[in-house]
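K.L.:
I am attaching a structure below and will ask some questions about it afterwards.
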Amino acid sequence: MRAYLNGNEAVATAVRLARAEVVAAYPITPQSTIVEKIAEYIADGSMAADYIRVESEHAALAACYGAAVTGTRVFTATSSQGLAYMFEMLHYVSGCRVPLVMAVTNRGLAAPWTIWADHQDAIACRDTGWIQLYVETAQEALDTCLQAYKIAAHPEVLTPVMVCLDGYVLSHTEEIVDVPDQEAVDVFLPPYRPEYAVDPARPIVFGIGAGPELYPAFKHYQHQAMLRAREIIEDVDREFAALFGRSYGGLVDPYYCDGAEVVLVLMGATAGTAREVVDDLRRRGEQVGLLRLRSFRPFPVAALRSVLAGTKVVAVLDRDCSFGYEGVLATEIKAALQGANVPGTPEVAGFTGGLGGSDIRPEDLAGIFRRCLEAVRRRDRGESPAVSGGCSENGKAEGINLWLS
Amino acid sequence: MVKLKELPGNELVQGSYACAGCGGILAVRMALKVLGPETVIVTTPSCLLGVTTFYPQLAFKVPCVNVTFPSTAAAISGVVAGLRRRGKSGVKVVGLAGDGGTVDIGLQALSGAIERGDNFIFICYDNEAYMNTGVQRSGSTPPGARTTTTPVGRAGRGEDRPKKDMLAIVAAHNIPYAATASIGYPQDYLTKVQKAMETEGPAYVQVLAPCPPGWGYSSHLTVKLARLAVQTGQWPLAEYEGGRLTVKEVANPRPLNEYLALQARFAHLLASK
């Protein structure tokens, strides 16, 4: 069925189709309309679930954790300050290997207070042990939530998943979305019945303590599971494609990267703008491409290396900043390519922009490509190839909204 | 009224690392005899977690869900909802937290869970300070008590604020049942646990659980102090039921000195000038 849905409605639809049984959430802009929609589904009888009206985000995740260990499929959603407030619980859930799914409608963090999109909230949770998948469209938000339940609960993964969608640009913008049939989703996602659950007939402790002799083993297993998730994410995407006819490439989503001299790497809805810019530059004969990173954790090192190895300059656009250094994604791409240890490793130019909802316009992305292509020309002439100069086509030197790290 | 002689002999918590004379583990051990095996415990980082759930020495013979310090009652709501979805509504969900995990960092979550009316029992074992981290004061520390964050010196005279009135706080939520108890009066305590268990909706029991290292007394005095606290009027045995508060009268109160003199935490109050 085709429906006109925004990103948040698409997420709520996925949660209904996944037959989530317990939902606990606390309101925060721009996430709130997800859980409002779910509350409507429960009220009109189209979804059989308990909705726990908690008093904070910290409690939301604690309640989801409590419900999940009883062996129920659960859901929560948050943004920004709410995600920051959950930080302590994030580690508990992942360390306990509870396969929760949470939507994060990405929004910047205060101060200054903001309600608009960037990725700082989720990026700041990089090392909490959660899988992070970033989506480009409302359709992908719906499909990725369904995939997320399958990935998280895979016996070799057992790791929670954040489905990250840009605030407003995705969360509040309608598009035509193909809503799968319930019967097909039921085939893809059978009921969640984990091997270990709260049961007085078989007493188990969830959330044990562990001394120095055992703690590292638990963390090592957690790490191995996250690494294994790289294959499972790809498998699940293929399985989804076979059933529903849509695929997102699993870990990375390359666009015109074959033979490209310059590839722009980014995450989220900005990819939509970037595709237009790549199309335009390609028409003008420029060898440029786009690599949309879908899985930020686990980090798809091998996939990135294989796509980026032949390029001359890799531009990275971060909607986040590790203050005092650079955009986080830029650092990670540099490290991934450095580790490849192949001759002709491309130069990586990190740009930070789109913070707190500031627009990333086609001309901004064109400006990034122009500067990188100029560096390629300098390299071809045997000159110093470093990417430099102004960001925007309109001649602004170092833009306040978009800067070279 | 619970009959102590009729309580089951088998233990549902056994082999813990608790200190000799620990009032907290005694409170939990006794309560589980009334609650029985169809129980799920929800608890947080505390002495209790430290002494019962360090892998691989797991002391509970009932399921136990550990969660972050502020979250006991929030996780309880999740467990209650999950068990309902799984068709296991008959399983009792019991929160266990110390005084810090109840009256301080756990208060917001407890308020939320009581307000939601979830069916659970919350037992606060009150040893009147943060014992697990080394005897720092909590909102439940009595006035005058020396702790590591209310030291006694030229300018300091121990804790300078009254104990938080937690019973009044839960009563203000219109909770169906709430009580205070002492491990020194097991029949009274366990009868209150039984009533909490039979209550439809949230129920709260705050049980005094003396702590030998934290209070500074010899471990064989735990029960004696738990009784003296009541007999000297320091720990009222109260019940809030059907909107009415009743407090057990102490017929012949004993001098406060008898209670204070046995504990190092109050020594400065009694020292001669």
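The values are calculated or read from the model by the stated rules, or taken from the named source; none is laboratory data. Source: prediction; values computed, not measured. In this analysis, Cβ positions are derived from the backbone assuming ideal geometry, glycine residues included, and neighbour counts consider all displayed protein chains. Ligands, DNA and RNA are stripped out before the accessible areas are found, and what is left, the full protein with its side chains, is counted by its heavy atoms. Shrake-Rupley method; radii C 1.70, N 1.55, O 1.52, S 1.80 Å.
K.L.:
Based on the Cβ-Cβ distance of residue A:111 and residue B:154, what FRET efficiency does E = 1/(1 + (r/R0)^6) give at R0 = 45 Å, to the nearest 0.05?
P.N.:
0.60
K.L.:
Follow-up. What is segment A:110-207's relative contact order, in percent, from Cα pairs under 8 angstrom and six or more apart in sequence?
P.N.:
29 percent
K.L.:
Testing the spin-label approximation: label points 7 Å from Cα along Cα→Cβ at residue A:126 and residue A:187. State their distance in nm.
P.N.:
According to this spin-label approximation, the distance is 4.1 nm.
K.L.:
Give me Rg over Rh for chain A, both radii from the alpha carbons and Rh done the Kirkwood way, two decimal places.
P.N.:
Here the Rg-to-Rh quotient is 0.98.
K.L.:
Work from the charge dipole of the protein assembly as shown (Cβ charges, +1 for Lys and Arg, -1 for Asp and Glu, about the Cα centre) and give the residue of B:187, A:368, A:184 farthest towards its positive end.
P.N.:
B:187
K.L.:
Please work out how much length the chain gains when fully extended from residue A:174 to residue A:275, using 0.36 nm per residue of separation minus the C-alpha to C-alpha distance, in nm with one decimal.
P.N.:
34.4 nm
K.L.:
Please give the Cα centre distance for segment A:20-60 versus segment B:156-218, rounded to the nearest Å.
P.N.:
Between the Cα centres of segment A:20-60 and segment B:156-218 lies a distance of 34 Å.
K.L.:
Follow-up. With no solvent and one equal point scatterer placed on each C-alpha of segment A:2-244, evaluate the Debye formula and give log10 I(q)/I(0) for q = 0.08, 0.11, 0.17 Å⁻¹, two decimals.
P.N.:
Taken in order of the listed q values, log10 I(q)/I(0) reads -0.27, -0.52, -1.32.
K.L.:
For segment A:350-388, which trypsin sites (Lys or Arg not before Pro) are both in a DSSP coil and crowded by at most 15 other Cβ atoms within 10 Å?
P.N.:
In loop regions of segment A:350-388 (DSSP not H, G, I, E or B), the sparsely surrounded trypsin sites (Lys or Arg not before Pro) are A:381.
K.L.:
What does the average come to when, for each residue of peptide B:85-93, you count the partner chain Cβ atoms lying within 10 Å of its Cβ?
P.N.:
4
K.L.:
Another question about this same structure. Gain in length, residue A:241 to residue A:374, computed as 0.36 nm per residue apart minus the alpha-carbon separation, to one decimal in nm?
P.N.:
Result: 44.0 nm gained on full extension.
K.L.:
Right, here's the next one. With Cβ to Cβ distances under 10 Å as the rule, what net charge do the other residues near residue B:40 carry (K, R +1; D, E -1)?
P.N.:
So the surrounding residues net to 0.
K.L.:
Could you state the angle between the C-alpha long axis of helix A:362-380 and the longest principal axis of the C-alpha atoms of chain A, as a value from 0 to 90 degrees rounded to the nearest 10?
P.N.:
Orientation of helix A:362-380: about 50 degrees from the principal axis.
K.L.:
Show me the ranking of peptides A:114-124, A:213-223 by mean Cβ neighbours inside 10 Å, starting with the highest.
P.N.:
The densest-packed peptide leads the list: A:114-124, A:213-223.
K.L.:
Using only alpha carbon pairs under 8 Å that are at least six residues apart, calculate the relative contact order of segment B:1-119 and give it in whole percent.
P.N.:
27 percent
K.L.:
Just to be sure I understand: if I project the alpha-carbon convex hull of the protein assembly as shown onto a plane and average over all orientations, what area do I get in nm²?
P.N.:
Directional mean of the projected Cα hull area for the protein assembly as shown stands at 34.6 nm².
K.L.:
Let me ask something else. In the Gaussian network model of chain A, springs joining C-alpha atoms below 10 Å, which of A:267, A:102, A:47 carries the largest mean-square fluctuation?
P.N.:
Per the Cα network of chain A with a 10 Å cutoff, A:47 tops the list.
K.L.:
Residues with beta-carbon under 9 Å from that of residue A:50, excluding residue A:50: net charge, scoring Lys, Arg +1 and Asp, Glu -1?
P.N.:
+1
K.L.:
Before we go on, tell me the buried accessible area for the B/A pair, both chains summed, 1.4 Å probe, in Å² to the nearest 100.
P.N.:
Summing both sides, the interface buries roughly 2900 Å².
K.L.:
Would you mind listing how long segment A:252-404 runs along its three principal axes, going by Cα atoms, in whole Å with the largest first?
P.N.:
Projected onto its principal axes, the Cα set of segment A:252-404 covers 37, 36, 30 Å.
K.L.:
Using the Cα gyration tensor of segment A:113-221, with a ≥ b ≥ c the square roots of its eigenvalues, what is the shape: rounded (a/c below 1.5), prolate (a/b larger than b/c) or oblate (neither)?
P.N.:
Judged from the Cα gyration tensor, segment A:113-221 comes out oblate (a/c at least 1.5, b/c at or above a/b).
K.L.:
Further question: Grab the beta carbon distance between residue B:257 and residue A:214, set R0 = 60 Å, and tell me the FRET efficiency rounded to 0.05.
P.N.:
The formula returns an efficiency of 0.80 here.
K.L.:
What distance in nm separates the two pseudo spin-label positions at residue A:302 and residue B:246, each 7 Å out from Cα along the beta-carbon direction?
P.N.:
The two pseudo-label positions are separated by 7.1 nm.
K.L.:
Let me check I've understood the local charge: for residue A:247, count other residues with C-beta under 15 angstrom from its C-beta, Lys and Arg +1, Asp and Glu -1. What total comes out?
P.N.:
Local charge sum for residue A:247: -4.
K.L.:
Here is a further query. Let me know the mean shielding of A:84-97 by other chains, meaning the per-residue number of their Cβ atoms within 10 Å of its Cβ.
P.N.:
Taking the mean over all residues of the peptide, I get 2.
K.L.:
Could I ask something else about it? Mind checking the angle between helix A:32-43 and chain A's longest principal axis? C-alpha axes, 0 to 90 degrees, to the nearest 10.
P.N.:
Computed tilt is about 30 degrees.
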